[in-house]
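K.L.:
Have a look at this one before I ask anything.
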Amino acid sequence: MLRSRRPWTAVALVVALAALAFAPVADAGFGDSIKKKMEEQKKKAEQAAAAKAAEQAAGSSTAKPAEGAPPAGAAPGGESKTAPEASGPPAKVSEVSTKFDYVPGDKVIVLDDFKQDDLGEFPARWKPVTGTFEVAESEGERWLRCMSPDGTVRLRTPEGTPLPEYWTFEFDFFGTEPMSSALVVKGVAKGDHVVWEATYPHGLSMFFRSGDFTSDTPLEGITTPEGRHHVMVMARGKGLKVYMDQQRLVNLPEVSDQFGPVVALDIRLWAATHPMITNVRYAEGCKPAQDLLAGGKLVTYGIRFATGSDVVLPESAPVLRQVAAWLKANPTAKLTITGHTDNVGTAADNLDLSKRRAASVARVLSEQFAIPADRFATQGKGDTQSLADNTKPEGRAMNRRVEFAKL
């Protein structure tokens, strides 16, 4: 059950949702053409949803959690990113599609799970553009929830300064039907000109536009767009890739330069069902290396684990695939794998966790990527070798890492 400073009764919620669902959407902007294509289908879905909600409310005076409520326990910055069951992520890291090549940036600029913000308030690390937003809570997680049928927020970055040449941007999104075009992620130039935008869902697809280029790519393995999804954007110079749940949906070698470079990142939440975001990570880097271990060491934030455990998650596949390829190209090389943590928890627990995580990485490379186990040595350093300030979430994210070094 979501909690904020405004309690709702079930009847009041139904009335409010029904009113919002049929209210006209103002200032629709760049994505109007997308929305209109789905209008008839959306209207039917809204009518069915409103009727179902009214029937449920009539039978109970106590509001119940909606089906498909966001699962709890996800944490930003290198720990768990819970994938939705609907997308059916592979059980093995090695089974993730080679098209999924997302590697998170290695210099964290913003890490936001909204825990530093008060419930019911607007978050400090964002700028309001349109609509009404508030921080809400569900099963111990904080979310930024859009309370109006259409709203846009902008990540706080240096005003008017182009984004780095290499950067990544990722977050968890949660929405429930009706939710046609409920999420729009935009790269914005000076003057608020839209350089590119990715819209989800467009049916069961992601629609993308930059200048004259458009694409409409389905998200595989789902029968409904609703639920929790992890969204990732990776910029490599002029190129841009967009991913959702270990699937690459956009691969554009060069975005439009009609309006100049991107200076801001916007998220538009566009549905009367109060869509939400959390676990936002914006980082600079990392520039692709011709030789993965040219300097003798690889420090990576692309190997991720379930929170507090040594389970290697499927989104670790791109980095592990690169390491395995390097080892196969250098058959006599051996590596030391070192795990590092932040300082949350006790020093003893962190040391033990870092050791187990390093061992798990070696085990995945051996068992799933056919690299002989005798080519690895593993160790853990816990929180004893911090790279950044552990008092800030961005610093803690920089300290949670895995290192590969030549033996």
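K.L.:
Points 7 angstrom from Cα along the Cβ direction at Lys92 and Glu165: gap in nanometres?
P.N.:
Rounded to a tenth, the inter-label distance reads 3.9 nm.
K.L.:
If you don't mind, another one. PRE reach from Asp257 (point 7 Å along Cα→Cβ): which of region 221-241 fall under 13 Å by backbone N?
P.N.:
237-239
K.L.:
Amide H to amide H, which residues 5 or more places from Ala377 or on other chains are under 5 Å from it, using H placed in the peptide plane?
P.N.:
Those qualifying (amide H under 5 Å, at least 5 residues apart or on another chain) are Leu335, Thr336, Ile337.
K.L.:
Binned at 10 Å from 0, what are the whole-percent values of the Cα-Cα distance distribution for region 150-289, short to long?
P.N.:
12, 45, 35, 8, 0
K.L.:
Among Thr338, Tyr301, Trp326, whose Cα projects farthest towards the positive end of the dipole of region 297-406, with charges put on the beta-carbon of Lys, Arg (+1) and Asp, Glu (-1)?
P.N.:
Trp326
K.L.:
Shifting gears a bit: Determine the gain in length on full extension of the stretch Thr336-Lys99; use 0.36 nm per residue of separation and subtract their C-alpha separation, reporting nm with one decimal.
P.N.:
Numbers: separation 237, 0.36 × 237 = 85.32 nm, distance 2.78 nm.
Fully extending the segment from Thr336 to Lys99 adds 82.5 nm.
K.L.:
Given a Förster distance of 30 angstrom, what is the FRET efficiency for Ala388 paired with Arg154, based on the Cβ-Cβ distance and rounded to 0.05?
P.N.:
0.75
K.L.:
Let me ask you something else. Out of all Cα-Cα pairs in region 259-389, roughly what percent, to the nearest whole number, are more than 21 Å apart?
P.N.:
Values: 4470 of 8515 pairs.
Everything past 21 Å amounts to 52 percent.
K.L.:
Using 7 Å Cα-to-Cβ label points, what is the Thr346/Lys328 separation (nm, one decimal)?
P.N.:
Going by the 7 Å Cα→Cβ label model, 4.3 nm.
K.L.:
Roughly how many debye, to the nearest 20, is the charge dipole of region 297-406 about its Cα centre, given +1 on each Lys and Arg Cβ, -1 on each Asp and Glu Cβ, and no other charges?
P.N.:
Values: 16 positive and 11 negative charges, 76 e Å.
Magnitude of the dipole: close to 360 debye.
K.L.:
Let me ask something else. What percent antiparallel are the DSSP beta bridges of region 297-406, to the nearest 5? Before the final figure, lay out each step's value.
P.N.:
On the way: 11 of 16 bridges.
Expressed as a percentage, antiparallel bridges in region 297-406 total about 70.
K.L.:
Using 0.36 nm per residue of separation minus the Cα-Cα distance, give me the extension gain between Lys287 and Ala370 in nm, one decimal. Before the final figure, lay out each step's value.
P.N.:
Numbers: separation 83, 0.36 × 83 = 29.88 nm, distance 2.71 nm.
Length difference between fully extended and current span is 27.2 nm.
Coordinate-derived values only; no laboratory data. All figures in this text were calculated on a predicted structure; none of them were measured in a lab. Cβ atoms come from the backbone with ideal geometry, glycine included; neighbour counts cover every protein chain shown.
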